[in-house]
1. Whose amide H sits under 5 Å from the amide H of VAL116, counting only residues 5 or more places off or on another chain, with H placed in the peptide plane?
2. Helix-only estimate, please: 222 nm mean residue ellipticity of the chain, summing -39500 (n - 2.57) across DSSP H runs of length 4 or more and dividing by its residues, to the nearest 500.
3. Between LEU25 and residues 5 or more places away or on another chain, which pairs have amide H atoms under 5 Å apart, with H built 1.01 Å from N, and which residues are they?
4. Assuming 0.36 nm per residue, please report the length gained on full extension of the stretch ASP250 to ASP114 beyond their Cα-Cα distance.
5. Kindly list the residues of segment 108-132 that lie in the label zone of ARG21, defined by a backbone N under 11 Å from the point 7 Å along the Cα-to-C-beta vector.
6. Report the full-extension gain for the segment ALA188 to THR270: residue separation times 0.36 nm, less the Cα-Cα distance, to one decimal in nm.
7. For segment 26-140, max minus min Cα coordinate along each principal axis, in Å, sorted largest first?
8. Give me the accessible area of PHE77, 1.4 Å probe, in Å² rounded to the nearest 10.
Amino acid sequence: MPPECLVADAESLQRAGDILRAGGLVAFATETVYGLGADATNDLAVASIFAAKGRPTFNPLIVHLPDIAAAREHATFTPVAERLAAAFWPGGLTLVLPRRADTPLSLLVSAGLDTVALRVPAHETAQALLKAARRPIAAPSANASGKVSPTEAAHVMESLGHAGALKLVLDAGPCRLGLESTVIGFPAAGPTLLRPGAIARDAIEAVIGFRLLEAAPLSGETGRASPGQLASHYAPDVVLRLNATHSEGDEVLLGFGPDMPAVDGLNLSTTGDLEEAAAHLFAMLRQLDEGGRPIAIMPIPETGLGEAINDRLRRAAAPRDQL
Ligand code: TXA
Ligand code: MG
C-alpha cells in the first residue's frame, strides 16, 4: 500500500508518533529538505530506512533531537561543537561527534563508525514529530539513494511512494532553505567541513573565529568516512552541463540572475539571490528532469550558499559510474 500523505496537524502528528514508536517510517518536513524518519533506537526500523532508499549500509544517518540537552545524551561535545550548537541550533547544521558509550542509539545509524551525526531541526513539524515520538529520529533525505533530495511532500511520494515501510508523509509545504544541512566533523586535526549546506561556511567560521578544514579528497576507503562525499549524488536522470552561458541543441537552460537569455528553461533567482536559488534548486532540477531534455546550467558564484549549490551541481553532473 502506498503511504498516506497528510497535512501536518495535531492528529496526523499523533499518528506519526505512533507509527515511529511501532517501528514504521514517516517522512516529514524540515527547514532543509524532507527527511525519512525512523526511531533511531530501533535497529529494525533504522535498517528499513536503508532498504527503502536503496542506500549503501556504509553511509551513516543523521539523528534528529529536540534540543542540545537531548543531543548531549548521545555524543561527546567538544568546546567548538558547543559553540556551534549554541549559535545554529535549532537549524540547518549537523555535528558529527564521538558516540557516547551509553547511548541507546542503534549502531546502524553510525554505519560502523565511532561517531554519530546529530542535528536539532528548527521546523515546527520536525519539532512536533520529535515530541510525539518521544524518541530520537534517524532521518536521511527522503529520496532514493543518489537522487535529488525532496523539498516538497509530492517529491517524497514520487521518490518513495512505493516503499512499503513508509507509512505516512507529513506535508508542511515547500522547505524554506531547500538544501541539506551543513555537516561539520571534529577529527583530531580540527573542525572540518564534511558537507557544505544550508548554513554558509562564512557564518560558521565567523562563530568559531578560524577556518574550517576541508574534507580529505576521496579515494577508495576514505570515501567511506564521509560517504555523502561520493562523487555522483543528488543526480537527475538527464545529462547536466555546468557553467553554461546559453543552451545548445535541445538543452533547456537553468539560469541564475538577471542576465539569463530569453530561452526555454527556468531561473533559480532572477535577482541573483543565492538563498532564493538554494530554495529553488532541487524542485527546478526535478521539474526539468521530468522534461527528459539535457540541462545546461548557468554559473553560480562560489560565495555564501553558492558553495553548497555548486557542490550539489558538481555531484549531480558527475559521471554516474562513480556512485
Ligand atoms: O538537511 C539534512 O541534513 C537532511 C535532513 C532530513 O536532516 N538529512 C540529510 O541526510 O541530508 P542524508 O543522510 O541524506 O545525509 C547525511 C550526510 C551524509 O553525507 C552522511 O555521509 C553524513 O551526513 N554523515 C552522517 N553520519 C556521519 C558520520 N558519523 N560521519 C561522517 N559523515 C556522516
Ligand atoms: Mg541525502
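1. Those qualifying (amide H under 5 Å, at least 5 residues apart or on another chain) are LEU97, ARG99.
2. Working: 9 runs with 94 residues, N = 323.
It comes out at -8500 deg cm²/dmol, rounded to the nearest 500.
3. LYS167
4. Details: separation 136, 0.36 × 136 = 48.96 nm, distance 4.84 nm.
Additional length available on full extension: 44.1 nm.
5. 132
6. Numbers: separation 82, 0.36 × 82 = 29.52 nm, distance 4.30 nm.
Length gained, ALA188 through THR270: 25.2 nm.
7. Sorted largest first, the three principal extents are 36, 30, 22 Å.
8. 30 Å²
The values are calculated or read from the model by the stated rules, or taken from the named source; none is laboratory data. All of these numbers come straight from a predicted model, not from anything done at the bench. Methodologically, a virtual Cβ is constructed for each residue, glycine included, from the backbone with ideal geometry; neighbour enumeration extends over all protein chains shown. For accessibility, only protein heavy atoms count, side chains too; no ligands or nucleic acids. Shrake-Rupley method; radii C 1.70, N 1.55, O 1.52, S 1.80 Å.
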